[in-house]
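Undergrad: I'd like to ask some things about the structure below.
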2 protein chains.
Amino acid sequence: MSNQELEVLGQDQECCPGLLTAPLDEDQAAELAKVFKALGDPVRLRLLSMIASRAGGEVCVCDLTPAFDVSQPTISHHLKLLKQAGLIDSERRGTWVYYRLLPQMTDRLAGILARPAGQPLPQIGQEPAGAPS
Amino acid sequence: MSNQELEVLGQDQECCPGLLTAPLDEDQAAELAKVFKALGDPVRLRLLSMIASRAGGEVCVCDLTPAFDVSQPTISHHLKLLKQAGLIDSERRGTWVYYRLLPQMTDRLAGILARPAGQPLPQIGQEPAGAPS
């Protein structure tokens with residue numbers, strides 16, 4: 001995902017309060033689905049939580065790989081997908097690559113999923129007008 | 001996803017503040033990945049937003065299908081995946097099936113993605129101790 005696409009996603013989120021308040025259009029849904037798809041894998045979720053929760057804000061790839069039973073290239077591929085989704089950024093310094101969370105994206109997702117203030121819970125078993133009985 | 005699994009996810013979320021505060025273990029990551037994977041598709045995101053934003057709290061499947069260029073069985077399959085992920089519930093009444101949001105799950109995801117209060121933004125370009133220069 002390019003910086004331009006991330007910017008568009010940010011604008012959408014500012015203009016439209018979230019997933020729960022109005023139907024998404026096709027472009028909004030396509031952009032958001034890319035990010036959720038990146039989160040839809042257990043290894044990527046564990047990587048993201050390791051990066052996000054690290055004191056100091058960033059993690060060397062050399063400290064991520066030993067936690068997993070998969071190969072270094074597989075870890076690198078998962079990190080690339082998280083980066084393409086705008087969830088993390090990376091910087092090479094010397095021998096190693098360091099990863100850090102981009103909290104703007106997780107903030108956006110949290111906002112998109114949050115219930116608008118004052119929205120009541122749907123009533124279970126509520127009968128819509130005109131429903132067949 | 002069974003009700004028991006949903007309950008475990010809820011307990012995890014209560015015990016552990018979120019994705020950004022501590023590394024997820026394998027079981028937590030596997031459970032959460034199922035839900036994010038369900039959100040990682042544009043048609044499912046549009047379906048969820050249509051269901052969630054409907055005044056009255058529920059939508060007849062007969063009102064969802066005309067908004068898409070895909071077949072009724074495909075829509076039904078996407079709705080099944082959203083339901084298995086614990087994001088929506090359904091009820092058959094007469095001829096039609098009605099869908100409603102399960103806001104407990106979107107609330108949980110929003111909480112899991114939210115930054116803990118007072119957590120600072122990571123500092124860009126921060127040098128960790130012992131990094132090769």
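Undergrad: Taking the stretch A:66-97 as the region of interest, how many residues are within 13 Å of chain B (Cβ to nearest Cβ) and more than 19 Å from the chain's Cα centre (by Cα)? Lay out the reasoning, then the answer.
TA: Let us first name the residues in the stretch A:66-97 that are within 13 Å of chain B (Cβ to nearest Cβ), namely A:66-70, A:78, A:81-82, A:85, A:87-97.
Restricting the remaining residues to those that are more than 19 Å from the chain's Cα centre (by Cα) gives A:66-70, A:91-97.
Of the residues in the stretch A:66-97, 12 are within 13 Å of chain B (Cβ to nearest Cβ) and more than 19 Å from the chain's Cα centre (by Cα).
Undergrad: Sticking with this one: Strands (runs of 3 or more DSSP E) wholly in the stretch B:20-118 with at least 3 residues that are in contact with a Leu (Cβ under 9 Å, 6 or more places away or on another chain) and surrounded by 15 or more Cβ atoms within 10 Å (Cβ to Cβ) - which ones?
TA: Values: elements: B:58-60, B:88-93, B:96-101.
Because the criterion is at least 3 residues that are in contact with a Leu (Cβ under 9 Å, 6 or more places away or on another chain) and surrounded by 15 or more Cβ atoms within 10 Å (Cβ to Cβ), the strands (runs of 3 or more DSSP E) in the stretch B:20-118 that meet it are B:88-93, B:96-101.
Undergrad: Filter the stretch A:20-65 down to residues that are more than 7 Å from chain B (Cβ to nearest Cβ) and under 10 Å from the mean Cα position of the chain (by Cα) and give me whichever is nearest to residue A:106 (Cα to Cα).
TA: The qualifying residue nearest to residue A:106 (Cα to Cα) is A:35.
Undergrad: Let me ask you something else. Return the pairs, sorted by first residue and then second, in which the second residue is assigned to a loop (DSSP other than H, G, I, E, B) and not charged (D, E, K, R), the first residue lies in the stretch B:37-56 and is over 14 Å from residue B:88 (Cβ atoms) and modelled with pLDDT under 95, the beta carbons are less than 8 Å apart, and the residues are 6+ apart or on different chains.
TA: Pairs found: B:56/A:126; B:56/A:128.
The values are calculated or read from the model by the stated rules, or taken from the named source; none is laboratory data. Computed from a predicted structure; not experimentally measured. Heads up, the Cβs are rebuilt from the backbone with ideal geometry, glycines too, and the neighbour counts pull from every protein chain shown.
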